[in-house]
Amino acid sequence: MVNKPFLYAIATLVGTIVGVGIFGIPYAVARSGFLIGMIWFIVLGIVTILIHLAYGEVILRTYGTHRQIGYVEKYLGRRAKKINPFIILFSRYGALLAYIIIAGQFLFIIFEGTFGISAFFWSVIFFVFGSLFIFFGLKLIAKGEVFMTALLIVVIGILLGRGFGSIDPGNLISLDVSSAFLPYGIMLFAMGGAIAIPGMREILKGEERLLKEAIILGTLIPIVIFILFTFLVVGVTGSETSEEAIKGLSIFLKDGTVKFGAFFGFLAVATSFLILGLNLKKTFLYEYKFPHFLAWFLTCFIPFFFFLIGLRNFIEVIGFVGSIFGGLEGIILILLFQSAKKEGKRRPEYSLNLPNFIKYGIILMFAFGIVYRIVYFLR
């Protein structure tokens, strides 16, 4: 008999993880080399699963319903609670900025040669309509997130089927050690899904024993999808891999498949933009008690301002957000895990036994990634 809550919990995490980040991974892996990319997939995949499981245990050790800010206050204190919202806020702004950038690139691919509009102006057009939807609020959009993710997975499967015969094995053996760190922040950005885990517990209410398996499967499925998509794009386009992955395929697949992929990629990005924007607006409305117009303005126009002043490099944006804010969030979740082990009042349905060298090793990796990205940015 199918356990619907279990499947829905998995789908929720998969839908959260499979997003705009998938389109940046192939470019980074093409630059560094597929072998280096696979090493990053394995390392960050294991780390992400451990972090998601650790956060799941924090949630199971705590009575009541909370979100990350609530757990931070409970286990790390009020000072940490004051810092955590800024990490969440700027990571959301970075994601919204990435959506604006890549939506314009997808629209340019779809309508290339039709209206003579550049990717920049397509991004502006996308922002205008997207911000209006966020202003008025669209509840139906949120209900379509899992559906759009499923469609995107189907489209990736179609691209795999159409493009498999065009894969050149030579594209998968090149290496560039000087770009070895490039996939790190982008993959970290793409794999993050901790925001969905409190909701997974609510979905599995009364069946919390299934949370561990749901987290593992919900994290593994997107990673496998990322690997297959990257294998296809890098294998086909090699050094011609474009930043958003899709445009480079048009050189090799000229039967309309690429426009088809860009269309559904755009729909997935648009859906994610609206869901994230609506959630951020609600945060300003309900947590900070801002008036509706101010909440909407702060949600939409800060990332758009960054776009207008020149932050339009999709790879740089998601790499920066993943390295800095993904790293900071990962450190916080490990610290939460350590504290909840000692102070949590509820007996959890599962308990991780992570040695100190693994916990501190993960923290050191994230700290190194943060420092490296800051130094790289300043240079």
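The values are calculated or read from the model by the stated rules, or taken from the named source; none is laboratory data. In this text, all values refer to a predicted model and were calculated from it rather than measured experimentally. When we count neighbours, we look across all protein chains shown, and the Cβ atoms used for this are built from the backbone with ideal geometry, even at glycine. Heads up: the accessible areas ignore ligands, DNA and RNA and are worked out on the full protein's heavy atoms, side chains in. Shrake-Rupley method; radii C 1.70, N 1.55, O 1.52, S 1.80 Å.
Quick check for you: with a 1.4 Å probe and neighbouring chains kept, what is the accessible area per residue of the chain, in Å²?
Numbers: 17500 Å² over 379 residues.
Here the per-residue accessible area is 46 Å².
Against the 2.2 N^0.38 Å scaling, with N counting residues, where does the chain land? I'd like the Cα-based Rg ratio to two decimal places.
Details: Rg = 20.3 Å, N = 379, 2.2 N^0.38 = 21.0 Å.
Compactness ratio reported: 0.96.
Over the Cα atoms of the range 1-43, what radius of gyration and what Dmax do you get, in Å?
Expressed in Å, the Cα Rg and Dmax of the range 1-43 come to 15.0, 46.
Just the number, please: Stokes-Einstein D of the range 144-242 in µm²/s, Kirkwood Rh from C-alpha pairs, 10 °C, 1.306 mPa s.
Details: Rh = 16.0 Å.
Rounded, D is 99 µm²/s.
Based only on the alpha carbon positions, what is the Kirkwood hydrodynamic radius of the range 1-118, in angstrom?
Value: 18.1 Å, from the Cα pair sum.
On C-alpha positions alone, give me the angle between the axis of helix 4-17 and the longest principal axis of the chain, in degrees, nearest 10.
Roughly 60 degrees, rounded to the nearest 10.
Rounded to whole Hz and in sequence order, give me ³J(HN,Hα) for the range 61-67 from the Karplus expression 6.51 cos²θ - 1.76 cosθ + 1.60, θ = phi - 60°, writing x for Gly and Pro.
7, 10, 6, x, 9, 9, 10
Would you calculate the separation in nanometres between label points at Val375 and Ile83, each defined as 7 Å from the Cα along the Cα-to-beta-carbon direction?
Going by the 7 Å Cα→Cβ label model, 2.1 nm.
Take the alpha carbon atoms of the range 170-313, find their radius of gyration, then divide it by 2.2 N^0.38 Å using N residues; give the quotient. Before the final figure, lay out the partial values.
Details: Rg = 19.5 Å, N = 144, 2.2 N^0.38 = 14.5 Å.
After normalising by residue count via 2.2 N^0.38 Å, the value is 1.34.
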